[in-house]
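Written out below as structure tokens is the structure these notes cover.
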Amino acid sequence: MSQIRVRFAPSPTGSLHIGGARTALFNWLFARSHGGVMVLRLEDTDTERFIAEAAEQIGRTLAWLGLEWDEGPDKGGPYGPYRQSERVEIYRAAAQQLVDKGLAYPCYCTKEELAAMREEARRKGQAPRYDGRCCRLSEEERQAKEAAGIKPTLRLKVPQEGQVVVRDLIRGEVSFDNATLDDFIIMKSNGMPTYNFACVVDDAAMRITHVIRAEEHLSNTPKQILIYEALGYELPYFAHVPMILAPDRSKLSKRHGATAVEEFSEQGYLPEAIVNYLALLGWSPGDDREKMTLDEIVRDFSLEAVNKSAAIYDVRKLTWLNAQYLNELPLDTIVARAVPFFKAKGLISKDPSGKDLEYLTTVIDAVRSRVHTLAELAEAATYFFKDDFTYDEKGVRKHFAKKPGEVVEILSRGRDALARVESFTVEETEKAYRKVIDEMGIKGAALIHPTRLALSGRTMGPGLFDIIAVLGKDECIKRLDRAINYIRTLQGQD
RNA sequence: GGCCCCAUCGUCUAGUGGUCCAGGACACCACCCUCUCAAGGUGGAGACACGGGUUCGAGUCCCGUUGGGGCUACCA
């Protein structure tokens, strides 16, 4: 085979969810691992469900994930246009061909009549299928309908004998009896093609060699093969990848919370982690590797190694992977990605540079190992930028309120010791604190825990001396004084 | 209902007839490390849906049952 060509063909009716992203990823991986071409095609033939911003948003999300396409609506290419709404003439011509060959015919049944027929069949316990009545219309009857101004749909004549065999790269041969199919619609009465028809016409026109899509389309494939045959097109290879299900095993939809890739992005998940996680959903390198670079995945990916069974996505594993990337990606990269989250929390006002950037970087370095997302990162770092926090309630009970008199004494000694430190580093401040601890004959925890609470309002976080060094002498003294005063008010209440 | 697909720990998976009293990862539990929380390290609990075959031998092949999913639209 010459050049391998694949396509990702989303319908712009909403944002890209992780199922779609995974399908796009597998297409992309297949193309990249074979030196092939990736086409992005917008399936916007449903004029009612079409959402203008969705197309742009899907493109943005794919690009954010790093899944660049070679041909598409914005990029152009030799087989454009890549928006189905701009290709209607092509579908009409193809449809006309089928009518001329007697393989398709106009149907004047209205939606209401069709619905009634389906209802009738259901009541009789029969399979709801179109009975082909309009195919048997006489020329006079047809003209009469036409004269009455009824805009017909076009239906493909489906043979009622024999079967269609789908040769699937992942599932092997799957056969369907033609008798289970009916004369389905290929052109709607509004002149637009239906999904199955447009899909076939375009995949052929765009020279797609491998149709890689979700399993929900496996049942559509026999219809599409019938169209390929009617049109005299050569069949592509098919590969139906397993579905991704919501935790309750149902099909993914908006009501399942964050399944839109954009939402993960807003929560501070990194594209590297999402792509890595998605690659592992339905595919595995065949060994124990979990965290893999894109290059590694491209090198080892193959459709043959793709699973057959549907997978339920588990945010917790994604979250774990995200934490891994948060820690292992270069610090500068994480800082750059984190900036919008710090801005959103009002911790910084504009893109930091110089000293501010240096400070931000130091802070992120201190907290990144204990958070899972960029949003958590900003949250965990707030007290490095604001000192108007309140003290954690449990912490107050444990470290401030138990023996307020003693704590005030201890904290004051610590404060004074810090005030005397000249070189305010992790090492020097710790030395000073250890000395206080020794002199007072107390446990380290008796000084360290109240200090952490005083400086951050929290009972958990980076090592205390890291916090101290990052905050600097003045800020530490200020916060310790504030805490000492606060504890004195506690004393009064007893 | 009809047609199609699928079935290994809670979840993602390795496993292509013997090396599997089933391996890894997330999550969970314990311990270690430790100024807290993480991270990291060590260990633990946890699965071949069920029933028939085939075979000397089955998680691996076949059939059935059950369960789950998809399609069955002038949606894609």
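Among A:Glu71, A:Glu296, which comes first, then next, by fewest other beta-carbon atoms within 10 Å?
Fewest to most other Cβ atoms nearby, the residues stand as A:Glu296, A:Glu71.
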Could you pull out every one of the aspartates and glutamates with an alpha carbon less than 18 Å from that of A:Lys157, ignoring same-chain neighbours closer than 8 positions?
-> A:Asp100, A:Asp131, A:Glu139, A:Asp177, A:Asp182, A:Asp183, A:Glu229
For the range A:169-185, what does the Karplus curve 6.51 cos²θ - 1.76 cosθ + 1.60, with θ = phi - 60°, yield as ³J(HN,Hα) per residue in whole Hz, taken in order and with x for Gly and Pro?
-> 5, 9, 10, x, 8, 10, 10, 10, 6, 4, 4, 7, 9, 10, 6, 8, 7
So how many Å³ per residue does the convex hull of the Cα atoms of the range A:196-241 work out to?
-> 59 Å³
Using the Kirkwood radius over Cα pairs, work out the Stokes-Einstein diffusion coefficient for the range A:103-162 at 4 °C and 1.567 mPa s, in µm²/s as a whole number.
-> 102 µm²/s
Would you mind ranking A:Phe400, A:Phe238, A:Phe424 so that the residue whose beta carbon has the fewest other beta carbons within 10 Å leads the list?
-> A:Phe424, A:Phe238, A:Phe400
Rh by Kirkwood over Cα pairs, then Stokes-Einstein D for the range A:16-137 at 1.567 mPa s and 4 °C, µm²/s = 72 µm²/s
Using Cα positions and a limit of under 13 Å, work out the aspartates and glutamates in reach of A:Lys386, with same-chain residues fewer than 8 apart set aside.
-> A:Glu475
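Could you give the length gained on full extension between A:Ala179 and A:Ala344, defined as 0.36 nm per residue of separation minus the Cα-Cα distance, in nm? Can you show the working numbers first?
Values: separation 165, 0.36 × 165 = 59.40 nm, distance 5.89 nm.
In short, 53.5 nm is gained.
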Just rank A:Lys124, A:Lys345, fewest to most, by other beta-carbon atoms within 10 angstrom.
-> A:Lys124, A:Lys345
What percent of all Cα-Cα pairs in the range A:358-494 falls in each 5 Å bin, counting up from 0?
-> 2, 10, 21, 23, 21, 13, 7, 3, 0
Inter-part gap, Cα centre of the range A:12-27 to Cα centre of the range A:333-360, in whole angstrom, is 31 Å
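Sum -39500 (n - 2.57) across every DSSP H segment of at least 4 residues in chain A, then divide by the residue count to get the 222 nm mean residue ellipticity, nearest 500. List each step's numbers first, then the result.
Details: 19 runs with 232 residues, N = 494.
The per-residue figure over chain A is -14500 deg cm²/dmol.
Out of the range A:164-237, which GluC sites (Glu not before Pro) are coil in DSSP terms and have no more than 16 other C-beta atoms within 10 Å?
Working: sites: A:Glu173, A:Glu215, A:Glu216, A:Glu229, A:Glu234; in loops: A:Glu234.
The qualifying sites are A:Glu234.
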Candidate aspartates and glutamates for bridging to A:Lys343, where Cα separation is under 18 Å - those fewer than 8 sequence places away on the same chain excluded = A:Glu263, A:Glu266, A:Asp332, A:Asp351, A:Asp356, A:Glu358, A:Asp365, A:Glu376, A:Glu379, A:Asp387, A:Asp388
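With a ≥ b ≥ c taken as the square roots of the eigenvalues of the C-alpha gyration tensor of the range A:86-214, please select rounded if a/c is under 1.5 and otherwise prolate if a/b is larger than b/c or oblate if it is not? Mind dumping the intermediate values first?
Details: a/c = 2.04, a/b = 1.26, b/c = 1.62.
Since a/c reaches 1.5 but b/c is at least a/b, the shape of the range A:86-214 is classed as oblate.
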Computed D for chain A, Stokes-Einstein, Kirkwood radius over alpha-carbon pairs, 4 °C, 1.567 mPa s, to the nearest µm² per second, is 47 µm²/s
Principal-axis tilt of helix A:195-205 within chain A, Cα atoms, nearest 10 degrees = 90 degrees
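Among DSSP beta bridges whose residues both lie in chain A, state the antiparallel percentage, nearest 5.
Details: 17 of 32 bridges.
If we restrict to bridges inside chain A, about 55 percent are antiparallel.
Distance cut-off 28 Å, Cα to Cα: go down the list A:Lys402/A:Lys478; A:Lys101/A:Lys145; A:Lys345/A:Lys435; A:Lys101/A:Lys251 and report the pairs above it.
Numbers: A:Lys402/A:Lys478 23 Å; A:Lys101/A:Lys145 22 Å; A:Lys345/A:Lys435 38 Å; A:Lys101/A:Lys251 40 Å.
Flagged as over cut-off: A:Lys345/A:Lys435; A:Lys101/A:Lys251.
FYI, it's all coordinate maths here, none of it is from the lab. Source: prediction; values computed, not measured. Neighbour counts run over all protein chains shown; Cβ positions are idealised from the backbone, glycine included.
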